[in-house]
Amino acid sequence: MAAAVEMDGSIMEGGGQILRVTAALSCINGASIRIHKIRAGRSTPGLRPQHLSGLELVRDICCGNLEGGTVGSTEVTLTPGKIKAGKHTADPQTAGSVGLLLQVSLPCALYADGPSELCLKGGTNADMAPQIDYTIKVFKPIVEKFGVHFDCDLRMRGYYPKGGGEVVAKVNPVSELSPVTMTERGTITKIYGRSFVAGVLPYKLAKDMATTATRVIRREIKDLYINIQTLQEKDMACGSGNGIIIIAESSTGCIFAGSALGKKGVYADKVGFEAAEMLLRNIRHNGCVDEFLQDQVSNDTHTANPLHGLGEWHLQNPHWPSHPTHTDCHPCGRAAHPG
């Protein structure tokens, strides 16, 4: 058996994303990896429950073996086997991000020998992670351009600190990915979103976030109707939380977003302002992807395909622009293979 590939988990931002990307690539390539100095850049280094749950999910998908898989561990070895289709579940029993669990498992499920069903539990709208709304409304339609198809059934929203959210993703395997070129942003044709409260928080917070966000956007974009729905979640939410996501679509099919989550002691209008400013910042640069999707599709075709770097791993690569501009992705090597 070939020696495990060594990976230093402290490089770049030293967080969980290097762990997720490396685990997914190990599964797809069938190569053993040993990751040390896991999350060395964080105040609490080592595996947290959500990271461990993601690794265990990958292990189960590829019928592999995981050594060192305990909470707090700073070193693990993953030895992958054959990727199998079927039903797989991940539940960190915390508010760990469901979106990040999808990021580590989706690339693996694409190479199964049949359809897969991923039952992912935790936080659907968590800080420092993509909201599930972003995954469904922005990430999903863009990766569909590459030939990636999955259904995402949001069964329960979960918020910090309880978690309790549940998303079921049904993934179809791929034989190959299609190259995609996005070089013209076009004009912004639609702006919409959702402003929500859940649990014991008053509905007024949702209205205040939406009102402020609309006012801020209209300072720069005056000729479009801005449709931000205000919602009070009751039966479909576990725990209390509030937040807003605003999405803009262009005439050429580009999609941008801005989002923010409420925190204790932070006024609702500030939350709405932050989301609106994020969206406007992503529109002002006149590129084809926003600052987060830039990290989720790779334009360095020599090292990765569109699924390499899923999530918020801020790639520090000389081939990457300092601001999002254009995307020209051509899958290379084995069909749909992160090279």
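The values are calculated or read from the model by the stated rules, or taken from the named source; none is laboratory data. Please read all numbers here as calculations on a predicted model, not as lab measurements. Every residue, glycine as well, gets a Cβ built from its backbone with ideal geometry; the counts of neighbours run over all protein chains shown. Just so you know, the surface numbers come from the protein's heavy atoms only, side chains and all, with ligands and any DNA or RNA stripped out. Shrake-Rupley method; radii C 1.70, N 1.55, O 1.52, S 1.80 Å.
Out of L102, L118, one residue alone is closer than 22 Å to M7 by Cβ, touching a strand residue (DSSP E or B) at 6+ places or on another chain (Cβ under 9 Å) and either buried (at least 16 other Cβ atoms within 10 Å of the Cβ) or free of Cβ contacts under 8 Å to residues at least 60 places away in the same chain (or both). It is L102. Test K264 against the stated conditions and say whether it is at pLDDT below 95, closer than 19 Å to Y159 by Cβ and surrounded by fewer than 20 Cβ atoms within 10 Å (Cβ to Cβ). So K264 fits the description; yes. Look at (1) assigned to a loop (DSSP other than H, G, I, E, B); (2) of a type in the set (K, R); (3) under 18 Å from I33 (Cβ atoms) and you find that R59 fails only one, number (1).
Scoring M278 on the criteria (1) open to solvent by 10 Å² or more (accessible area, probe 1.4 Å); (2) at pLDDT 95 or above; (3) out of contact with any Gly (no Cβ under 9 Å at 6 or more places or on another chain); (4) more than 17 Å from T187 (Cα to Cα) leaves a single failure, condition (3). Among the residues making up region 15-47, a single one is among the basic types (K, R), within 26 Å of C119 (Cβ to Cβ) and in contact with a Ser or Thr (Cβ under 8 Å, 6 or more places away or on another chain): R39. If you filter region 1-33 down to residues that are open to solvent by 50 Å² or more (accessible area, probe 1.4 Å) and among the acidic types (D, E), you find that the one that is modelled with the highest pLDDT is E6. The residue that is most open to solvent (accessible area, probe 1.4 Å), among those in region 172-219 that are β-branched (V, I, T), in contact with a Leu (Cβ under 9 Å, 6 or more places away or on another chain) and in a strand (DSSP E or B), is T189. Using the structure shown, decide if P107 is out of contact with any His (no Cβ under 6 Å at 6 or more places or on another chain), at pLDDT below 95 and open to solvent by less than 60 Å² (accessible area, probe 1.4 Å). Criteria met by P107.
Scan region 81-92 for residues that are in contact (Cβ under 8 Å) with a residue 40 or more places away in the chain and touching a Lys or Arg at 6+ places or on another chain (Cβ under 8 Å) and report the count. Number satisfying all stated conditions: 1. Exactly one residue out of G272, G253, G258 is at pLDDT 50 or above and either more than 30 Å from V197 (Cβ to Cβ) or part of a loop (DSSP other than H, G, I, E, B) (or both): that is G253. Scanning region 135-146 finds one or more residues that are surrounded by 16 or more Cβ atoms within 10 Å (Cβ to Cβ), of a type in the set (S, T, Y) and touching a helix residue (DSSP H, G or I) at 6+ places or on another chain (Cβ under 9 Å).
Figure legend. Inter-residue proximity from region 278-294: first residues over 12 Å from C254 (Cα atoms) and touching a residue at least 40 places away in the same chain (Cβ under 8 Å), second residues surrounded by fewer than 21 Cβ atoms within 10 Å (Cβ to Cβ) and not hydroxyl-bearing (S, T, Y), beta-carbon distance below 6 Å, spacing 6+ or different chains. Indicated pairs: L280/E220; H285/H323. Against the definition (in contact with a Leu (Cβ under 9 Å, 6 or more places away or on another chain) and open to solvent by 90 Å² or more (accessible area, probe 1.4 Å)), how does R155 come out, yes or no? Against the criterion (in contact with a Leu (Cβ under 9 Å, 6 or more places away or on another chain) and open to solvent by 90 Å² or more (accessible area, probe 1.4 Å)), R155 does not qualify. Among the residues of region 163-179, are any hydrophobic (A, V, I, L, M, F, W, C) and over 18 Å from the mean Cα position of the chain (by Cα)? Scanning region 163-179, I find at least one residue that is hydrophobic (A, V, I, L, M, F, W, C) and over 18 Å from the mean Cα position of the chain (by Cα), so the answer is yes. Any residue at all in region 50-60 that's β-branched (V, I, T) and farther than 16 Å from V5 by Cβ? Checked against the condition, which is being β-branched (V, I, T) and farther than 16 Å from V5 by Cβ, region 50-60 yields no hits at all. Taking first residues from region 22-43 that are at positive phi and in a loop (DSSP other than H, G, I, E, B) and partners that are of a type in the set (V, I, T) and open to solvent by 40 Å² or more (accessible area, probe 1.4 Å), the Cβ contacts under 7 Å between residues at least 6 apart in sequence or on separate chains come to K37/T74. Checking each residue of region 119-127 against the condition of being hydrophobic (A, V, I, L, M, F, W, C), at pLDDT below 95, more than 25 Å from L177 (Cβ to Cβ) and out of contact with any Cys (no Cβ under 8 Å at 6 or more places or on another chain) gives at least one match.
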